Amino acid sequence: MSTRTVLHEADIARALTRISHEILESNRGPDGLVILGIPTRGVALANRIATLISEFSGTVVPVGALDVTMYRDDLHRNPTRAPQPTSIPAGGIDGAVVVLVDDVLFSGRSIRAALDAIQDIGRPAAVRLATLVDRGHRQLPIRPDFVGKNLPSSSDERVNVRLAEVDGEEFVTIQGADS
Amino acid sequence: MRHLLDTKTLSRADALEILDVAEDMADTQQREVKKLPTLRGKTVVNLFFEDSTRTRISFEAAAKRLSADVINFSAKGSSLSKGESLQDTAQTLQAMGADAVVIRHGASGASRTLATSGWITAGVVNAGDGTHEHPTQALLDAFTIRKRRFGGGSRGRDLSGVKVTIVGDILHSRVARSNVWLLDTLGAEVTLVAPPTLVPQDVSAWPARVIFDLDDAVAAEPDALMVLRIQLERMNAAYFPTEREYSRRWGLDARRLEVLPPGSMVMHPGPMNRGLEISAEAADSPRSTVLDQVTNGVSVRMAVLYLLLAGERAGGPANDEREDAS
């Protein structure tokens, strides 16, 4: 079994710092930003990014969680999943620039579900996508705007993201198919 | 979860899962677009052998909010009133491709018969069977109690130490039975209050205290006082002398409402007989949860339909590992 650590704690911190700067740069400041994390680990990442953006810009950015379970297209193919809480910031998302945050971007189906969920909540001016790891193998025409690390991988490898808030440890590993 | 037939055999984990998913469903009902695409292409049949408006429209709303197709099948004006057997009706629904059947029937145990007969492969939800159980009502009552008591911190909590008093016709009430089992599973302390003629014979085996005086029950300061409807249609014997006497001794009138602590909630499954078991003062007071119960009923039934229908047919525990691979 071959397991390789591709990001350590410091790498994750650097990637999130860069992503936060990139978000500020492309949005020309913090105005109108709403950061929404996709549970479970996307929420932890979204909170960190929002904190970093607030530090860099001196403005508090609204942050929330967007559960996409009930919008997935594979519900009937898998055991029942318990939905996670969704929390939308009090100001809503109408007219805002929503930055979706997820840990791993793979097929793109979670993001498709997230776009549907957003549509039911309001009408943002734009939706952007930030992901800690992009491992390719997209099945839908979806691409990330902000990427922590591009990780070319075989589709039968496994990418595991572990974050302090959720798992009590912090690293990203890739696990070979032979395991 | 394959079926929801009763609360007596419902585990604490399953009950909490339903209540927690119902929290998420309730959140989605605050949105601009209340409809979710979750159960697109699934068919839910409401099979009602007994009259019911509230429960049927609540299930109908729940199924429609999840984008399921709903077929309403009620006894009046259908083949059911022509004497078709439950088996033939069930097989007809199976042939139509029903994914879930919500059944209300006058006979206790009808839903279990339907679920275990092998006539259908659909999931079965008991929406009231005779004087046996009405599990979704108990779940929405528990949800309402939890929400009023713990507010935003409700998720994952049970009802440990919460004192719930149920007053009224315990003998004929499936709502009371479902509530007693579920509240006990969730750790609440249950007290039943009724005229001696309306207490079931086997009540000593229930996880509940039985008293006969409502004033004593109110003085004990329950966290929730649940008033049951006097089911005049089931009153085929002289259980109490007159309605006025019942109202005076076991009705929640303005005087008893005064004595009840300000934090206690007043619950009623509806429809209410105002002036009989509950006074207008009690029904319309801010302590009354009657309308919350209706709203929560839709969320809880959405949760039940979701848990029954959304996953693959084999069922099994959710696999969180998949999250990373998606």
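All of the numbers you see were taken from the coordinates with simple rules; none came from a lab. Fair warning: this is a prediction, and the values are worked out from it, not measured in the lab. Please note: Cβ atoms are built from the backbone with ideal geometry, for glycine as well, and neighbour counts cover all protein chains shown.
Before moving on, here are some points about what is shown:
- A Förster distance of 30 Å, applied to the separation of the beta-carbon atoms of A:Gln175 and B:Arg155, puts the FRET efficiency at 0.40.
- Here's the picture: charge each Lys and Arg Cβ at +1 and each Asp and Glu Cβ at -1 in the stretch B:135-289, and of B:Ser264, B:Leu192, B:Phe150 the one pushed furthest to the positive end of that dipole is B:Phe150.
- Cα-centred dipole magnitude for the stretch B:135-289, charges only on beta-carbon of K, R (+1) and D, E (-1), debye, nearest 20: 480 debye
- Residue (of B:Gln137, A:Gly37, B:Asn273) at the positive-pole extreme of the protein assembly as shown, dipole from beta-carbon charges: B:Asn273
- Computed from point charges on the beta carbon alone (+1 for Lys and Arg, -1 for Asp and Glu), the dipole magnitude for the protein assembly as shown about its Cα centre is near 840 Debye.
- Where only C-alpha atoms are counted, convex hull volume of the protein assembly as shown per residue in Å³: 171 Å³
- Pairs of alpha carbons in chain A whose separation is greater than 21 Å (percent): 48 percent
- Listed by number, the DSSP H helices of chain B that run 18 Å or longer by alpha-carbon position along their axis and have mean Kyte hydropathy of at least 0.0 are B:290-309.
- Cross-link reach is defined here as a Cα-Cα straight distance under 20 Å, omitting same-chain residues fewer than 8 places apart; for B:Lys64 the lysines meeting it are B:Lys34, B:Lys35, B:Lys42.
- In nm, spacing of pseudo-spin labels at B:Glu84 and B:Glu233 (7 Å Cα→C-beta vector): 2.1 nm
- Förster-model FRET efficiency, 51 Å R0, B:Ser117 and A:Arg4, C-beta, rounded to 0.05: 0.40
- Ranked list, fewest to most other Cβ atoms within 10 Å of each Cβ, for B:Arg12, A:Arg72: B:Arg12, A:Arg72
- Here chain B is treated as an ellipsoid with the same Cα gyration tensor; its semi-axes, largest first and in whole Å, are 33, 24, 17.
- Of the DSSP H helices in chain A, those whose Cα atoms cover at least 20 Å axially and whose Kyte score averages -1.0 or more: A:9-27, A:41-57
- For the residues of A:70-78, the average number of beta carbons from a partner chain within 10 Å of their own beta carbon is 6.
- P(r) tail, the stretch B:135-289: Cα-Cα pairs separated by more than 18 Å, 54% of all pairs.
- Looking at chain B, the DSSP beta bridges with both ends there are about 5 percent antiparallel.
- Net dipole in debye of chain A [+1 Lys, Arg Cβ; -1 Asp, Glu Cβ; about Cα centre; nearest 20]: 320 debye
- Relative contact order [Cα under 8 Å, 6+ residues apart], chain A, whole percent: 26 percent
- On the basis of the beta-carbon distance and an R0 of 35 Å, A:Asp94 and A:Arg18 show a calculated FRET efficiency of 0.75.
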